[in-house]
Amino acid sequence: MKAARPSVEAVADRLRIESVETLSDDWYVLKKTTFRWRRRDGTWQRQSRETYDRGNGATILLYDLSRRTVVLVRQFRYPAYVNGCDDLLIETPAGLLDDAEPEARIRAETEEETGFRVGPVERVFEAYMSPGSVTERLFFFVAPYTPADRVSAGGGDAGEGEDIDLLEPTIEEALAMIGDGRIRDGKTIILLQYAALSLFGIP
């Protein structure tokens with residue numbers, strides 16, 4: 001006889017918010033929340049956490065199976081620089097949703113950053129990238145492309161401080177760039193590994 005599965009208790013039933021303080025509301029919103037959490041042994045523990053709310057986002061990997069290429073971008077990221085990255089960061093195109101649907105936003109962001117106007121896109125998964133402090137949920141997409149899909153130079157929005165280079169390595173070259181440390185961006189590593197296994201058939 002199968003054992004009954006234990007009921008899953010809602011997180012909200014174990015949480016009691018006591019106070020929320022806004023520490024900064026400039027570029028994005030930083031808050032400090034004090035709460036009580038009911039531990040597994042039934043006792044309530046008082047804790048406080050800071051959360052950085054920058055909204056949700058989307059990212060995409062463009063791929064060309066016939067040429068075995070992918071589209072990546074390269075740009076300056078100040079937070080990475082102050083933590084030891086003395087180089088431009090290589091990434092998949094990405095952007096905040098700004099209240100748009102993920103698919104619509106990633107299409108616009110892709111064209112703005114890379115100059116490629118993509119057709120059908122596939123949403124493959126979503127993830128919290130730094131759940132210990134950042135609220136952002138990221139939607140991951142892939143889409144096929146060809147050289148004929150490029151309709152502009154791309155480069156990003158200069159008014160927002162973007163100054164973006166385009167890279168078009170083969171999937172093998174991109175994976176090697178993860179191995180030697182040239183690619184250090186988490187979302188990009190995830191999408192390249194997904195593409196290697198699920199799109200290009202690399203074991």
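Read-outs throughout are calculated quantities, based only on the coordinates presented, and are distinct from any laboratory measurement. Bear in mind that the values here come from a model prediction, so they are computed numbers and not experimental data. So basically every Cβ, Gly included, is an ideal-geometry build from the backbone, and we count neighbours across all protein chains shown.
Data table
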| item | result |
| --- | --- |
| Extreme residue, surrounded by the fewest Cβ atoms within 10 Å (Cβ to Cβ), among residues of segment 179-203 that are more than 19 Å from Arg67 (Cα to Cα) and touching a residue at least 12 places away in the same chain (Cβ under 8 Å) | Gly186 |
| Residues of segment 63-86 that turn out to be small (Gly, Ala, Ser) and either loosely packed, with under 14 Cβ neighbours inside 10 Å or part of a loop (DSSP other than H, G, I, E, B) (or both), as a count | 2 |
| Qualifying position, being basic (Lys, Arg), farther than 30 Å from Asp26 by Cα and in contact with a Gly (Cβ under 7 Å, 6 or more places away or on another chain), among Arg67, Arg117, Arg150 | Arg150 |
| Segment 23-53, residues that are surrounded by fewer than 10 Cβ atoms within 10 Å (Cβ to Cβ) and either under 23 Å from Arg137 (Cβ atoms) or within 24 Å of the chain's Cα centre (by Cα) (or both) | Asp26, Trp27 |
| Residue count, segment 148-180 (criterion: among the small types (Gly, Ala, Ser), within 21 Å of the chain's Cα centre (by Cα) and assigned to a loop (DSSP other than H, G, I, E, B)) | 4 |
| Single condition Glu160 does not satisfy, out of (1) closer than 17 Å to Val73 by Cβ; (2) loosely packed, with under 13 Cβ neighbours inside 10 Å; (3) in contact with a strand residue (DSSP E or B) (Cβ under 6 Å, 6 or more places away or on another chain) | (3) |
